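Take a look at the structure below.
None of the figures in this text is laboratory data; all of them are computed from the coordinates on show. Fair warning: this is a prediction, and the values are worked out from it, not measured in the lab. Cβ placement follows ideal geometry from the backbone for every residue including glycine, while neighbour counts extend to all protein chains displayed.
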Amino acid sequence: MKISLRKSVRPANAGTISSAVAPQGFIIVEVIVAMVLLAVAVTSLAALLYSISQSGMVATGNAYRNGVLMNEVNRLEGIPYDSIAVGYQTNSVSTAPYPHSSVVTVSEPVVNTVKSIQVVITPTNVKYKPDTVKFTRTKARTSKALCTTCT
């Protein structure tokens, strides 16, 4: 292997100052470009994270609303037919985790036989949607099959 120590021919005005400045400026441009790319990536991830958190919040609100509706329906189906008053009743809950107002409307299309019940839940938070459930209660017929002394 042969090593040559010959001097290379350079122009007289080519000094070390211009060669030292060029790489430093290039490094600054590289850092700026890298920061811009990182900012674009983080911004898109932040938008995705915001969207996911909003979806989670809506899903939680829907679960609470369904629970409140089922609680009200079970309460109204569990009490005796004659204890359900015809008319409407409003209720407001202002405590966490699900502040809402509810309106229960009871109508009696067939007197002493059928009651039509409508429950409307309206959440206080406008991000959650209101919901309605309608069902019908009928008066139980009494049976005298086991009564031996009845006429």
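General observations
- Selection count, region 111-135, where residues are in a strand (DSSP E or B) and either of a type in the set (S, T, N, Q) or surrounded by 12 or more Cβ atoms within 10 Å (Cβ to Cβ) (or both): 14
- Residue within region 91-99 that is free of Cβ contacts under 8 Å to residues at least 40 places away in the same chain and under 11 Å from Val119 (Cβ atoms) present: yes
- If the condition is being under 25 Å from Ala63 (Cβ atoms), surrounded by 15 or more Cβ atoms within 10 Å (Cβ to Cβ) and not polar (S, T, N, Q), then region 76-102 contributes Leu76, Tyr98, His100.
- Some residue of region 41-59 being surrounded by 12 or more Cβ atoms within 10 Å (Cβ to Cβ) and in contact with a strand residue (DSSP E or B) (Cβ under 9 Å, 6 or more places away or on another chain): no
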